Each structure stands twice: as C-alpha cells, then as structure tokens.
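Single-structure report; data block below.
The values are calculated or read from the model by the stated rules, or taken from the named source; none is laboratory data. These numbers were taken from a predicted model, which means no experiment stands behind them. We place every Cβ from the backbone using ideal geometry, glycine too, and count neighbours over all the protein chains shown.
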Amino acid sequence: MEKESIDYSVQARTNPVFMTAKTAVCLMAQAGIPNAAEIVNRLGLGSAEEVSGMKDSGTILGNELVVEAKYRTMCRLIEESGYKINVDLPCGYTPKALHLTAKGLKFIGLDLPIVANEVGPILSDLTDHPERMLFEGVDATNPDSLIAALKDVHEPICLTTEGMMMYFTDSEVNAVITNVRSLLEAHGGCWITPDPEYILQFTLTFKSVLGEDALQKLMASRDAASGQSDAGSLTNAFIINPMDVPASLDRVTALLAVHGLKARRVNLAEHMPELTVYQKLTGKQTDAFKEAMRSCHYWVITPEEHWKASDVRQTDSTFSMDHMVSDGVLRVNLRGRMDTITAPELLKVWETEKSNNTITKAEINCARLQYISSAGLRVLMILQKGGAKVRLTGVNDTVWEILETTGFINIFEVAR
Ligand SMILES: C[S@@+](CC[C@H](N)C(=O)[O-])C[C@H]1O[C@@H](n2cnc3c(N)ncnc32)[C@H](O)[C@@H]1O
C-alpha cells in the first residue's frame, strides 16, 4: 500500500500533466455528461473550481462548453467512422468507454500509467461490458509502449486524441506523429483529433458567449492548464494559430505530409450534437455559440498511400540505467529513451541516494541515451534544484537538439 503511494507521487512529480484530465472530468460532470459525476465521486474529486483553481463562473462555463462540445462530437465522429475499436490516446478519466461500449464498440484507453491504473478499475466497475474495455499505461512519445498496448488488436482502429498535443514540445509532437503513423500502418484506420484547432475552439467559444470579458477568461483558462501541466506555451508545430489560420494550416499540413499523413477537416457546427450545457445559456448565447463553431474543425487524419518511412527504427530503445555515488557525485549511465514511463526510475534513485548522502553534482553519461522527453528533462531539473549540479556528457545529435530547442542547453553543463 505504501509502495503504491510512493510510486504515485514519483509519477505525479515526473509529469503532472495528468491533473488536466481531472479538471476535464469535473467540467464534464458540471456540464451534465452522463456518468461523469459518478467518476468524479469515485476519484474523490471536488468541483472543477476546486480542482483547477479557476475561480470565476464565466471561465468555468466557457470551459464546460468546450469540453462538452468536444466530448459529444468526438463520440459521434467515432461512431460514424464505422471502425469497431476506439483507441483513445489519451483516455483521461472521461466516461467515453462507457458510452461507446454500450453501443457495441470496443474501447482501448491509453494514457500515462498513473491515469490508466486509476481510471481502469473505476470504468470496468461501472460498465455492463467489462470485456469490451482495456486500459493500458503508455507514453505517447514511446513507440514500444504503444505497440505493446495494441499487441492483441488485429483490425483497423479509430485512434482519437483529445486534449494532449498542446502539452508537447516540437520534438515530442514529431515523435507522437511518427508513432501514430506506425500504428495506422500496422492496424489500418484513422486518427481523429480536435487538437490542431483547440485555440480556435476556445477563442470562438469564449467570444461568442462571454462578450467583453472573453479575453481575460481565456487567459485564466490557459493559466490553469499550464499551471497543472507544468507545460509552457501550450502551442507547437501541430497547433493552428488563430491570428494566422491560412499560414498555420499550411504548416500543419506540411508537418503531416512529412510523416506520410493527410487530413480532412470536419466542420464542428455540422457534426456537434445538442449540448446539455445550453440550459445554462440564453437563447441568444446558444445561437451565437453554434454560429461561431462554423469556423472550427476537427481533423480526420489518414495515411498517404505509396509513402515509405525514411528512418526505420533499428536500434533497441529500451530504457535502463545504473548508478553509483562517490565523493558527493551521483554518477548515472542512461540508456534508451527517458520519458514519462522511464524517468521516475531516476527520480526514485535520486531521492533514495539524497536521503543517505550529500550530493552536490550529478554526472549523467548520455552516450547511450537515445531520446529525452519533457518528463526526463523535468527530473534532471529536480536534481539540479535539489542541489546537484547536472552535467550531461556524450550527448547525441537528437538529444542535443532537444536541449537546444527547450533551452536546457543553457541550464545544464552539456558536452557531446
Ligand atoms: C487535458 S487531459 C485530456 C484527457 C481526455 N482525453 C479528456 O478529454 O478529458 C490530457 C491528458 O493527456 C495525457 N498525457 C499527457 N502527456 C502524455 C503522454 N506523453 N502520453 C500519454 N498521455 C499523455 C494526460 O495524462 C492527460 O490524461
């Protein structure tokens, strides 16, 4: 019991982004989405205001509208896709599994282990069809975790990504798109996501119902999401810029093309079911909201035919590490990929060694480290803030570029 709670805490500190999913399910409960309130209850959560720190009722209402529109429209698009398996990456804590399995679909919920381990038992207990549901811990940037999660799937999938892509750096976005491409190649199917136009959806929603205060309430929502996730700007190469839609459409289309993918944009207003949260709006607000959603689209992404991946993965990217402490120096050898799944191992080592030794320096040998995600960088930062000056050696080109683009090259001592 105690080990579990230590693991939970280490995982939570390695990547706190899962907290955003708790806010989402609280908003769903307040919007009246079936079963969301029961999930909130079983998770022991309070109101969206308590969980997210968003104080003002207008800000909460704007968020409820966005969340319900996304949830119900995505459920409809999944059903209309005709595929019989929904792979929801990330599944968060939503009741989507209950809704889709009741309609005869199979649901595979993928999320960080901390979420998958928590939500799986709750939803399996609430459903009449536990045999139609599966929950697996993955890191979307980690190909092996995704392949393992879908190892028993032998038919085309409807892969969905709702509320995740904005939390990534550009290098993570590239890793995730590469992984999605591989999954679609292996299984067939499509990838549906509202994420490229999420800023547009928020902006248009808030402007249509909240009038003059819209901008200030939008900022409060952004600050809450960025505070909970420890992510910076909440935008990247995959996200459309509302200030320059045409140019950013070209940019995201080109990014997908590099990965052998193409997108069809589905108009939100034309596919959005009636929402229960309209009960909290005036008729005028509801009309303005529906009209505004005409300028927002969800993306249905499929593989280009005749496309061949240029960089086939050949090396083993399994993570492992060993370490020793001498003369106040923690020496670590890292191998493979350090991401949300694997980085907690280093954090555990650090906390154990620090409680027994005075450590002023961390010498990290990266000669066999293939890739590092934001979660890995966050753990290195925890070491440095905890008093161990971090020095990275043997850094390869991929990791070097990540350190450069994230600015960590100036925070740690780094050598090739
Ligand atoms: C805003 S929530 C959205 C969850 C759900 N789709 C919803 O609509 O409520 C963001 C989710 O992304 C997940 N996530 C963030 N980074 C991830 C990663 N690298 N791999 C898998 N899931 C990730 C978080 O754990 C969290 O559940």
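The residues on offer are 326, 248, 295, and the sole one that is modelled with pLDDT of 90 or more and assigned by TED's automatic domain parsing to the domain that holds residue 358 is 326.
For the range 106-154, a residue qualifies if it is of a type in the set (Ser, Thr, Tyr) and under 24 Å from residue 39 (Cα atoms), and the qualifying residues are 124, 127.
Does residue 228 satisfy the condition of being surrounded by 13 or more Cβ atoms within 10 Å (Cβ to Cβ) and more than 23 Å from the chain's Cα centre (by Cα)? Against the criterion (surrounded by 13 or more Cβ atoms within 10 Å (Cβ to Cβ) and more than 23 Å from the chain's Cα centre (by Cα)), residue 228 does not qualify. One residue stands out in the range 207-222 among those that are farther than 19 Å from residue 233 by Cα and charged (D, E, K, R): the one that is surrounded by the most Cβ atoms within 10 Å (Cβ to Cβ), namely 207. Here are 57, 9: which of them is exposed (fewer than 15 other Cβ atoms within 10 Å of the Cβ), closer than 22 Å to residue 198 by Cα and polar (S, T, N, Q)? It is 57. Select the strands (runs of 3 or more DSSP E) contained entirely in the range 291-391, then report the ones holding at least 1 residues which are farther than 27 Å from residue 187 by Cα. Qualifying strands (runs of 3 or more DSSP E): 320-326, 329-338, 361-372.
Tallying residues that are more than 12 Å from the ligand (Cβ to nearest atom) and surrounded by fewer than 23 Cβ atoms within 10 Å (Cβ to Cβ) within the range 61-97 yields 10.
Among the residues of the range 354-413, those identified as buried (at least 22 other Cβ atoms within 10 Å of the Cβ) and of a type in the set (Ser, Thr, Tyr) are 373, 374.
Going by the conditions given, is residue 188 out of contact with any helix residue (DSSP H, G or I) (no Cβ under 8 Å at 6 or more places or on another chain), of a type in the set (Gly, Ala, Ser) and closer than 24 Å to residue 87 by Cα? Yes. The residues in the range 206-259 that are of a type outside the set (Gly, Ala, Ser), in a loop (DSSP other than H, G, I, E, B) and out of contact with any Lys or Arg (no Cβ under 8 Å at 6 or more places or on another chain) can be counted, and the count is 6. Residue pairs whose Cβ atoms lie under 8 Å apart, sitting 6 or more positions apart in sequence or on different chains, and linking a residue in the range 323-352 that is more than 18 Å from residue 378 (Cα to Cα) to a partner that is hydroxyl-bearing (Ser, Thr, Tyr), are 328/358; 328/360; 329/360. Looking only at residues in the range 149-162 that are hydrophobic (A, V, I, L, M, F, W, C) and under 13 Å from residue 182 (Cα atoms), the one that is nearest to the ligand (Cβ to nearest atom) is 159.
Selection of the range 1-33 for residues being away from the ligand (no atom under 15 Å from the Cβ) and either under 30 Å from residue 275 (Cβ atoms) or modelled with pLDDT of 95 or more (or both) yields only 32. Number of residues in the range 107-143 that are part of a helix (DSSP H, G or I) and either more than 12 Å from the ligand (Cβ to nearest atom) or touching a residue at least 24 places away in the same chain (Cβ under 8 Å) (or both) equals 17.
From the list 183, 256, 234, 200, exactly one residue is in the same structural domain as residue 24 (by TED's automatic domain parsing), hydrophobic (A, V, I, L, M, F, W, C) and at pLDDT below 95. Which is it? From the options 183, 256, 234, 200, the qualifying one is 234. Taken over the range 392-416, residues that are touching a residue at least 24 places away in the same chain (Cβ under 8 Å) and either aromatic (Phe, Trp, Tyr) or outside any helix (DSSP H, G or I) (or both) amount to 10. Scanning the range 144-193 for residues that are over 30 Å from residue 403 (Cβ atoms), touching a Phe, Trp or Tyr at 6+ places or on another chain (Cβ under 7 Å) and not in a helix (DSSP H, G or I) yields 156, 157, 158, 159, 189, 192.
With respect to the conditions (1) hydrophobic (A, V, I, L, M, F, W, C); (2) surrounded by 17 or more Cβ atoms within 10 Å (Cβ to Cβ); (3) part of a helix (DSSP H, G or I), residue 37 falls short on a single one, namely (2).
When residue 70 is tested against (1) under 23 Å from residue 218 (Cβ atoms); (2) of a type in the set (Lys, Arg); (3) at pLDDT below 95, exactly one condition is not met: (3).
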